[in-house]
Amino acid sequence: MVATGALAAQLPEAEDAFGRGEYRLARALYDSVLRFDSLNPRALYRLAVLDSWDGYLKRSLARFLKLRGVEQSLDIAVAHARVLSWDGQTRWSEALYDSVLAVDATRADALAGRARAVAWMGDLDRAERLWRDALERHPDDAEILIGLAQTLYWEGRPGLAEGYIARALALAPADPTARNLFDQVRAERRPALSVSSDGSSDIENNRFVAVAVTFSASPAPALRGSLRGSWRRNDLGALVGTSSGLEAWLVRSFPSGTTVRAGAGARSLEADSGARTFATLQGGIGLRPTKFSSVSIAYARYPFDETALLVRRGFVWNELDVSADIAPRAGLDIFIVGNGSWLSDGNRRLIGATAVMVGVANGVRLGAYTRVMGYREANPGRGYFAPDRFIVAEGRAAYAWRRQPWAARVSGGLGAQQVGSSGPTQVEWHGDLTVSRSWRALNELALVAVYTNSAAARTGADVTPTYRYWSIGLRLRRGL
């Protein structure tokens with residue numbers, strides 16, 4: 001009777017302490033309950049939860065196994081699955097969530113837990129699909145909104161993630177995960193300094209090295225301003241041309257997802273023909289007609305400084321670009337672009353391109369890419385547009401890997417190209433690699449490399465079947 005009386009008193013006291021957040025006292029009282037009744041379901045459950053919160057994951061999992069031998073419930077199974085995912089046993093966690101959903105397919109915590117386990121496995125495409133499905137069932141569930149925002153952020157879409165995390169904070173303003181993620185997303189709007197350096201060459205010894213420094217800051221919540229200084233040196237044998245410039249622009253964001261961009265600056269070209277300075281302009285608008293699509297229209301005016309020959313001639317380049325990025329479902333991305341450019345001497349270039357990529361496995365994407373590029377020369381024989389038409393079609397594969405703080409992406413393509421309207425069909429290929437390390441919310445150092453035989457990578461007089469182009473660059477971004 002004494003033991004029964006003590007148990008009857010200590011269990012409510014332990015529950016009361018747990019409810020008040022006095023977890024050390026609650027743990028001691030639950031331990032006392034187990035000394036009287038080693039299979040008490042409530043004490044086992046609470047201690048398993050407390051162990052998981054304190055980081056004793058193996059001990060927590062042992063308690064859950066014991067508890068599930070005593071009492072079966074969906075609540076216990078969900079809690080067990082959650083600790084399995086925290087312990088890195090994501091596949092077992094997913095299987096346990098699946099068993100819960102087989103009984104109750106609408107259970108929000110199980111839908112969220114399964115999507116999170118899949119995201120932690122690194123399969124972000126599949127995780128996004130699961131989050132979307134869960135959100136359709138529970139559009140006002142803060143945990144699901146937070147999880148979808150996290151996955152979108154990890155996929156490199158902070159603008160899209162911010163909308164979902166804002167909705168989550170409206171529902172759960174004190175949630176620490178939501179607030180931390182919101183801070184991370186907003187960190188992208190802190191003042192930042194970016195430095196990039198690039199170098200390239202091709203088989204014809206057209207070379208360049210370039211350095212750019214960009215400072216960005218947000219003078220208002222929906223306004224981002226940037227100032228960039230750049231320097232570039234092109235050389236072809238004894239011919240050398242340099243360019244340097246200073247440009248500033250503002251980007252205004254609106255709640256609908258629309259962005260407007262405008263900027264101006266100056267760029268100077270210097271070669272053996274002398275030094276000249278040109279005004280630069282840029283502007284554009286970005287639209288989000290649906291949740292998972294974007295359309296942008298952009299204009300730019302700048303001196304054409306792609307090669308040493310062009311620096312010497314001092315042509316001004318006007319460019320109009322229209323592009324659309326569509327993701328009709330998770331794991332499927334469609335990109336369409338049209339570009340029209342014209343030079344101050346009357347020559348024109350037109351480009352149309354389409355890319356489709358589909359997620360097929362953990363981090364692996366497959367797809368296809370086509371592009372048609374053509375030149376219309378009002379003043380032929382200038383020697384900077386080659387060929388008069390360029391067509392390429394290729395199959396593509398990409399693999400992305402991320403284990404914080406490191407990330408890597410490698411992609412390649414293989415297909416066919418026709419260089420010139422009367423040229424033969426050639427094999428075309430390309431490969432690129434990006435390796436990056438990030439720290440804190442915004443800082444990142446990345447190495448980027450490209451190697452290709454695509455004639456689209458160059459502007460010059462003659463393109464031979466043995467053409468090769470390579471480039472390597474270093475990127476540093478630092479939040480201030």
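Each residue in segment 450-469 was checked for being at pLDDT 90 or above and either part of a loop (DSSP other than H, G, I, E, B) or touching a Ser or Thr at 6+ places or on another chain (Cβ under 7 Å) (or both), and 1 pass. Name the single residue, out of those in segment 412-422 being in a strand (DSSP E or B) and touching a residue at least 40 places away in the same chain (Cβ under 8 Å), that is surrounded by the fewest Cβ atoms within 10 Å (Cβ to Cβ). Looking at residues that are in a strand (DSSP E or B) and touching a residue at least 40 places away in the same chain (Cβ under 8 Å), I get GLY415.
The conditions of being within 29 Å of ARG409 (Cα to Cα) and outside any helix (DSSP H, G or I) are not met by GLY113.
Return yes or no: is ARG186 more than 18 Å from the chain's Cα centre (by Cα), surrounded by fewer than 17 Cβ atoms within 10 Å (Cβ to Cβ) and either part of a helix (DSSP H, G or I) or outside the structural domain of ALA407 (by TED's automatic domain parsing) (or both)? Against the criterion (more than 18 Å from the chain's Cα centre (by Cα), surrounded by fewer than 17 Cβ atoms within 10 Å (Cβ to Cβ) and either part of a helix (DSSP H, G or I) or outside the structural domain of ALA407 (by TED's automatic domain parsing) (or both)), ARG186 does not qualify.
Residues satisfying the criterion are present in segment 198-213 (criterion: crowded, with 16+ Cβ neighbours inside 10 Å and outside any strand (DSSP E or B)).
Is it true that GLY88 is of a type outside the set (D, E, K, R), surrounded by fewer than 20 Cβ atoms within 10 Å (Cβ to Cβ) and farther than 30 Å from GLY122 by Cα? Judged against the criteria, GLY88 is not a match. Only one entry of ALA77, ALA105 meets the criterion of being out of contact with any strand residue (DSSP E or B) (no Cβ under 8 Å at 6 or more places or on another chain), of a type outside the set (Ser, Thr, Tyr) and part of a helix (DSSP H, G or I), and that entry is ALA77.
For segment 124-176, a residue qualifies if it is charged (D, E, K, R) and either free of Cβ contacts under 8 Å to residues at least 12 places away in the same chain or outside the structural domain of ASP109 (by TED's automatic domain parsing) (or both), and the qualifying residues are GLU136, ARG157. Across segment 289-311, the number of residues qualifying as surrounded by fewer than 18 Cβ atoms within 10 Å (Cβ to Cβ) and either of a type outside the set (Phe, Trp, Tyr) or outside the structural domain of ARG232 (by TED's automatic domain parsing) (or both) comes to 10.
A quick yes/no check of all residues on (1) touching a Leu at 6+ places or on another chain (Cβ under 6 Å); (2) modelled with pLDDT of 85 or more; (3) outside any helix (DSSP H, G or I); (4) buried (at least 21 other Cβ atoms within 10 Å of the Cβ):
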{"position": "GLY5", "(1), (2), (3), (4)": "no, no, no, no"}
{"position": "SER38", "(1), (2), (3), (4)": "no, no, yes, no"}
{"position": "LYS58", "(1), (2), (3), (4)": "no, yes, no, no"}
{"position": "LEU84", "(1), (2), (3), (4)": "no, yes, no, yes"}
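Do we find that GLY363 is of a type in the set (Gly, Ala, Ser) and modelled with pLDDT under 85 in this structure? In short, yes.
The values are calculated or read from the model by the stated rules, or taken from the named source; none is laboratory data. Just so you know, these numbers come straight off a predicted model, no measurement behind them. Using ideal geometry, Cβ is built from the backbone for each residue, glycine included, and neighbour counts are taken over all protein chains shown.
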